[in-house]
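To keep things clear, I will list the structure first and then write my remarks on it.
The values are calculated or read from the model by the stated rules, or taken from the named source; none is laboratory data. What you are looking at is a predicted structure, and each value in this text was computed from that prediction instead of being measured. Note that we place each Cβ from the backbone using ideal geometry, even for glycine, and neighbour counts take in every protein chain shown.
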Amino acid sequence: MLTIQDLQASVNDTSILNGVNLQVNAGEVHAIMGPNGSGKSTLSKVVAGHPAFEVTGGDVLFEGKSLMDLDPNERALAGIFLAFQYPVEVPGVSNADFLRLAYNSKQVHNGQPEIDEDAFSDILKEKAKIVEMDESFINRAVNEGFSGGEKKRNEILQMAVLEPKLAILDETDSGLDIDALKIVSAGVNKLKSKDNAVVVITHYQRLLDYIKPDFVHVLAGGKIIKSGGRELALELEEKGYDWLLGDKAAVGAGSGGQ
Amino acid sequence: MSEIKESISKETVETAKSLETYKYGFTTDIESEKAEKGLTEDTVRAISKKKQEPAFMLEFRLAAFRHWLTMEEPEWPHLEYPPIDYQDITYYSAPKVQPKKESLDEVDPELLATFEKLGIPLSEQKRLSGVAVDAVFDSVSVATTFKKDLLKHGVIFCSFTEALQDYPELVEKYLGSVVPYTDNYFAALNAAVFSDGSFVYIPKDTTCPMELSTYFRINTEGSGQFERTLIVCEDNSYVSYLEGCTAPKFDTNQLHAAVVELVANENAEIKYSTVQNWFAGDPKTGKGGIYNFVTKRGKCAGKKSKISWTQVETGSAITWKYPSCILQGDESVGEFYSVALTNNLQQADTGTKMIHLGKNSKSTIVSKGISAGKSVNSYRGLVSIKKSAEGARNYTQCDSMLIGDQCSANTYPYVDVSNPTAQLEHEASTSKISEDQLFYCNQRGIGTEEAVGLIINGFCGDVFKELPGEFAEEATRLLGLKLENSVG
Ligand SMILES: Nc1ncnc2c1ncn2[C@@H]1O[C@H](COP(=O)(O)OP(=O)(O)O)[C@@H](O)[C@H]1O
Ligand SMILES: [Mg+2]
């Protein structure tokens, strides 16, 4: 589904991604871990097409086609969803209006009829149950005045509404209390199927107890330096990253499940 | 006074492309009766005679004209335009076939078709339900719908010309009582040469049963449009009034200098909304847009009276406009909700004045300025608390949004307080549509243009919610149209 080939990217002439390789297939769950500042968020944004980053080498293929010439919204419409580490506020725009516009953009893209306010309100209420989100959030402005945890939950609500093929969750667990973590993870698991894929970026093993990864990758210095199965996360939890950072042999060896 | 100039990063936005979306740019081919160009005392007399006005009206006009001759065009606004040649303007232009107001059947079908094309059907079968419309074409009112139905409630809604014939004593009582002809250059000019407009009178204890609306259309090239609106709301009455305007695309600039006067007596409320979409001129050269110099003022004459101005200003090459409230009655309330959008080479200097005289009078100002392209958008406001205004309160919120890196936004909030019990609150912000906001929307599948519309809509929400009924949607659409191609 997603193939990242020797991806290099920079911002303001500073190189951040230095040759990332990753293969994600339908039905798989991948976890990306790694020290702060190693480029995890950058990787997710580059896949989604954030204009601040310049791709200086390599390629990203989605369902066999390069994403490089697609605008961010076209990538989204193709089925890529990014749950942001820091969700953005859109003052004065209600969650309902925002999501309806997003939903209808997808409908139009898929040659389906647009949906009116009432019909969408029903869909939204249904979806809000998946993340046990109070209905009052539906009419509040997008992320405005939301707590950190509420913002994260809101991201998963959006994912539930848009039903992407590939969801990248960037530290969705940070800022969630243990109950919220369970709810959000259960939500993600409900949305999972053999036809879609999830990439979770996280620092904590505890998320992976709920969303069970098939593959775990370590990103450091803008490269995937180690890949493994679920047990790698446990090892990292125990030992930290230092033992890997010294291990030059592992550098560049990372590519995911084939 | 503070001046804020900011710009936005290049990556986010491209220079505005040309705005070829003004769909009201057509002209109607209709024979009109025009006065010779130029302005002398004879022009003023001729207009008055043509309209068979009562003597007091001619006196008023002449006094205004003589006063105007002694005045100078204001230079203080943050606006730049070539000198206006007041002798090169036609001061009176009217469709030749004068419609009889009794029956719409006799209105020139070409005119009806014009208004229909503008989305304002006037004929009995098609007219908008729940909204009475006075249609003003060039300088003359051509039709007023629902007049008879309104009269059953005692509500007078007619053209100014008719009001002078049928209710001269009411006009004489209130004309110039809020905006005297000495007020400013353009108000004096208007008082001398105005040709028509709308008149509204709501008697005591009456809630006007429908929305009232005037639709202004400039058609003839080279003619100035000078209309005058007078709305009087007696004790315990209510009216909501909406004004809309468009003009064809011309190569020369057209002068529009209107005056609006509102009077709210005890416990009365007037809600006045404007959606202004005059032709803004050629996007690249600025040629041909409307110069909009308008004086709008309301007097909250009675205790607990309320006047609310809501404006969405999107058109005109130049906008010079400060809808204001004189809060004379104790506990009276003045409100000003404004969205002013400028794009390409448009310039706007707009805001409000709240003059507090009455005890515990209260005013609210919410101004949202949006600038794109190479436009200049200035907010200018005055909150004046006079000595008598014990316990007066004002809340002002001035927000500017910049789209692109070649536009500018200025705010000039003046405050003048002569009573120490006054409470004033002021908030101001300047923002731009951030790259991260756009990316966030894009990432959800929303295209950039729609995302900008969405963000702008959120920005303007506090003002749009004040617009009557379906006009909020209309305003949203209009802003979207005006900003098309502004963001890359
Ligand atoms: N827009 C940006 N401008 C400058 N530097 C950036 C920008 N975004 C990220 N970086 C830098 O790139 C590196 C990787 O950041 P990031 O991808 O957010 O790391 P992670 O998510 O792994 O913590 C950091 O050093 C960060 O400071
Ligand atoms: Mg990060």
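Among residues of region A:1-26 that are within 14 Å of chain B (Cβ to nearest Cβ), those with a beta-carbon under 7 Å from a residue that is within 16 Å of ligand 2 (Cβ to nearest atom) at least six positions away or on a different chain give the pairs A:Val11/A:Ala52; A:Val11/A:Phe53.
Scanning for something over 30 Å from A:Leu162 (Cα atoms), among the aliphatic types (A, V, I, L, M), out of contact with any Gly (no Cβ under 7 Å at 6 or more places or on another chain) and free of Cβ contacts under 8 Å to residues at least 40 places away in the same chain, does region B:413-428 turn up at least one residue? Within region B:413-428, one or more residues are over 30 Å from A:Leu162 (Cα atoms), among the aliphatic types (A, V, I, L, M), out of contact with any Gly (no Cβ under 7 Å at 6 or more places or on another chain) and free of Cβ contacts under 8 Å to residues at least 40 places away in the same chain. So, in region B:212-240, exactly how many residues are at pLDDT 85 or above and either assigned to a strand (DSSP E or B) or among the β-branched types (Val, Ile, Thr) (or both)? So the answer is 11. Output yes when any residue across region B:305-324 is touching a Pro at 6+ places or on another chain (Cβ under 9 Å) and more than 30 Å from B:Lys359 (Cα to Cα), and no when none is. Yes.
Go through region A:9-33 and count every residue that is within 13 Å of ligand 1 (Cβ to nearest atom) and not in a loop (DSSP other than H, G, I, E, B).
11
If you take the residues in region A:73-117 that are under 21 Å from the mean Cα position of the chain (by Cα) and of a type in the set (S, T, N, Q), which one is surrounded by the fewest Cβ atoms within 10 Å (Cβ to Cβ)? The residue in question is A:Gln85. Say we look at region A:44-87 and pick out the residues that are outside any loop (DSSP other than H, G, I, E, B), over 22 Å from A:His109 (Cα atoms) and aliphatic (A, V, I, L, M); which of these is farthest from ligand 2 (Cβ to nearest atom)? Residue satisfying both the conditions and the ranking: A:Val55. Selection of strands (runs of 3 or more DSSP E) fully inside region A:147-220 by the criterion of at least 1 residues being within 16 Å of ligand 2 (Cβ to nearest atom) and more than 14 Å from chain B (Cβ to nearest Cβ) returns A:197-201, A:215-220.
A:Leu70 fulfils the conditions (1) at pLDDT 95 or above; (2) of a type outside the set (S, T, N, Q); (3) surrounded by 22 or more Cβ atoms within 10 Å (Cβ to Cβ) except for a single criterion, (3).
The sole residue among A:Ser174, A:Ser136, A:Ser147, A:Ser121 that is within 16 Å of ligand 1 (Cβ to nearest atom) and surrounded by fewer than 23 Cβ atoms within 10 Å (Cβ to Cβ) is A:Ser174. On inspection, B:Val383 qualifies as at pLDDT 95 or above, under 22 Å from B:Glu466 (Cβ atoms) and aliphatic (A, V, I, L, M).
Which residue out of B:Gly445, B:Gly458, B:Gly469 is facing another protein chain (nearest Cβ under 7 Å) and surrounded by fewer than 23 Cβ atoms within 10 Å (Cβ to Cβ)? It is B:Gly458.
Residues in region A:13-43 that are of a type in the set (D, E, K, R) and within 14 Å of ligand 2 (Cβ to nearest atom): A:Lys40 only. Regarding A:Lys106, is this residue basic (Lys, Arg) and more than 29 Å from B:Cys460 (Cβ to Cβ)? No, not satisfied. The condition of being aliphatic (A, V, I, L, M), within 14 Å of another protein chain (Cβ to nearest Cβ) and out of contact with any Lys or Arg (no Cβ under 7 Å at 6 or more places or on another chain) does not hold for A:Ile123. I'd like to know if region A:89-103 contains one or more residues that are more than 13 Å from every other protein chain (Cβ to nearest Cβ), of a type outside the set (Val, Ile, Thr) and in a helix (DSSP H, G or I). No, region A:89-103 contains no residue that is more than 13 Å from every other protein chain (Cβ to nearest Cβ), of a type outside the set (Val, Ile, Thr) and in a helix (DSSP H, G or I).
Residue count for region B:380-419 satisfying the condition of being closer than 21 Å to B:Asn344 by Cβ and among the hydroxyl-bearing types (Ser, Thr, Tyr): 2. Is it true that B:Leu79 is in contact with a strand residue (DSSP E or B) (Cβ under 7 Å, 6 or more places away or on another chain), over 30 Å from B:Ala348 (Cα atoms) and modelled with pLDDT of 65 or more? In short, no. Taken over region B:294-338, the criterion of being more than 12 Å from the chain's Cα centre (by Cα) and part of a loop (DSSP other than H, G, I, E, B) is satisfied by B:Ala301, B:Gly302, B:Lys303, B:Lys304, B:Ser305, B:Ala317, B:Gln328, B:Gly329, B:Asp330, B:Glu331, B:Ser332. Residues that are modelled with pLDDT of 95 or more, buried (at least 19 other Cβ atoms within 10 Å of the Cβ), within 11 Å of ligand 1 (Cβ to nearest atom) and within 22 Å of A:Leu191 (Cβ to Cβ): does region A:48-58 have at least one? The answer is no, given that none of the residues of region A:48-58 is modelled with pLDDT of 95 or more, buried (at least 19 other Cβ atoms within 10 Å of the Cβ), within 11 Å of ligand 1 (Cβ to nearest atom) and within 22 Å of A:Leu191 (Cβ to Cβ). Does A:Gly221 satisfy the criteria of being farther than 18 Å from A:Ile80 by Cβ, of a type outside the set (D, E, K, R) and touching a residue at least 60 places away in the same chain (Cβ under 8 Å)? In short, yes. Restricting attention to region B:414-442, the residues that are more than 13 Å from every other protein chain (Cβ to nearest Cβ) and among the aromatic types (Phe, Trp, Tyr) total 1.
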